[in-house]
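K.L.:
Before I ask anything, let me first share the structure, which is written out below as structure tokens.
The values are calculated or read from the model by the stated rules, or taken from the named source; none is laboratory data. Note that the structure is predicted; figures quoted are calculated from it, not measured. All Cβ positions, even for glycine, are placed from backbone atoms using ideal geometry, and neighbour counts span all protein chains on display.
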């Protein structure tokens, strides 16, 4: 998260945290959008299939803030996250949506249970994406859609890090592994996924308010061509 927000942020406090430890600390304030999460959501919505009547799984759903309630169209709307504290933080806003705690490398669902699977800004926290893609394929039915997004390798190369600010105001850095788009394609292809679209997204006018609030408008102009988010769509 370029502080999962604009810029390289302040100096992170202490060693990099594991995803479980990091998101446990972040849970109380997680529902606020950042430039990366807002950019990712804008791009994901542009390629989202119609969810009406389909079974949706959001792997790494956090507080479940992206999950549409079942009454709005999906036949089933399920969120799963590694950190129970994240799920608890969002329980009041979930409505009729379902949640579960689990790991993307060992999904707690039966085979071919879903028609659409999201795994958004998650796989950068996994050192080997091959196991994750196998599990995503296992729980997806024939013809399923998979939307995967990650912090873009180019952003990491430019010096951005995945960080957040905890409740005490300390900037914390989260463990992150760089996966080039080819690594995603190879791992997904080995499990029967076919690439439908690849998007490399840089921040633009819709994200300007985040830079304004951070006092970093010049950075938006300087990095207009720097992709922050890699998003890939697959079909089974």
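K.L.:
Looking only at region 199-219, count every residue that is more than 25 Å from residue 30 (Cβ to Cβ) and in contact with a helix residue (DSSP H, G or I) (Cβ under 6 Å, 6 or more places away or on another chain) and tell me the total.
P.N.:
Number satisfying all stated conditions: 1.
K.L.:
Here's something else I'd like to know. Do we find that residue 97 is at pLDDT below 95, farther than 18 Å from residue 20 by Cβ and in contact with a helix residue (DSSP H, G or I) (Cβ under 8 Å, 6 or more places away or on another chain) in this structure?
P.N.:
yes
K.L.:
Conditions first: (1) closer than 28 Å to residue 142 by Cβ; (2) surrounded by fewer than 22 Cβ atoms within 10 Å (Cβ to Cβ); (3) modelled with pLDDT under 95; (4) touching a strand residue (DSSP E or B) at 6+ places or on another chain (Cβ under 6 Å). Residue 67 passes all but one, so which condition is the exception?
P.N.:
All conditions are met except number (2).
K.L.:
When residues of region 108-131 are filtered for being surrounded by 16 or more Cβ atoms within 10 Å (Cβ to Cβ), in a helix (DSSP H, G or I) and touching a helix residue (DSSP H, G or I) at 6+ places or on another chain (Cβ under 6 Å), how many remain?
P.N.:
The qualifying residues number 3.
K.L.:
If only one of 136, 146, 230 is crowded, with 17+ Cβ neighbours inside 10 Å, part of a helix (DSSP H, G or I) and in contact with a strand residue (DSSP E or B) (Cβ under 8 Å, 6 or more places away or on another chain), which one is it?
P.N.:
Only one candidate passes the filter, namely 136.
K.L.:
Would you mind stating whether residue 201 is in a strand (DSSP E or B) and either in contact (Cβ under 8 Å) with a residue 12 or more places away in the chain or closer than 30 Å to residue 140 by Cβ (or both)?
P.N.:
yes
K.L.:
Out of all the residues in region 49-63, is one or more assigned to a helix (DSSP H, G or I), in contact with a helix residue (DSSP H, G or I) (Cβ under 8 Å, 6 or more places away or on another chain) and modelled with pLDDT under 95?
P.N.:
no
K.L.:
As an exercise: evaluate residue 11 against (1) modelled with pLDDT of 90 or more; (2) closer than 24 Å to residue 170 by Cα and give the number of the one condition it does not meet.
P.N.:
(1)
K.L.:
Another question about this same structure. Tell me yes or no: at least one residue of region 204-216 is more than 23 Å from residue 33 (Cα to Cα) and at pLDDT 95 or above.
P.N.:
Within region 204-216 (the criterion being more than 23 Å from residue 33 (Cα to Cα) and at pLDDT 95 or above), the answer is no, since none of the residues qualifies.
K.L.:
Further, regarding this structure: Any idea how many residues of region 205-226 are touching a residue at least 24 places away in the same chain (Cβ under 8 Å), surrounded by fewer than 19 Cβ atoms within 10 Å (Cβ to Cβ) and either touching a strand residue (DSSP E or B) at 6+ places or on another chain (Cβ under 7 Å) or within 24 Å of residue 123 (Cα to Cα) (or both)?
P.N.:
Residues flagged as touching a residue at least 24 places away in the same chain (Cβ under 8 Å), surrounded by fewer than 19 Cβ atoms within 10 Å (Cβ to Cβ) and either touching a strand residue (DSSP E or B) at 6+ places or on another chain (Cβ under 7 Å) or within 24 Å of residue 123 (Cα to Cα) (or both) within region 205-226 amount to 1.
K.L.:
Where the second residue is loosely packed, with under 14 Cβ neighbours inside 10 Å and the first is part of a loop (DSSP other than H, G, I, E, B) and lies in region 168-193, which pairs have Cβ atoms under 6 Å and are six or more apart or on separate chains?
P.N.:
Within 6 Å, the pairs are 175/18; 177/127.
K.L.:
Has region 96-104 got any residue that is touching a strand residue (DSSP E or B) at 6+ places or on another chain (Cβ under 6 Å), surrounded by 14 or more Cβ atoms within 10 Å (Cβ to Cβ), touching a residue at least 40 places away in the same chain (Cβ under 8 Å) and closer than 24 Å to residue 24 by Cβ?
P.N.:
Yes - at least one qualifying residue is present in region 96-104.
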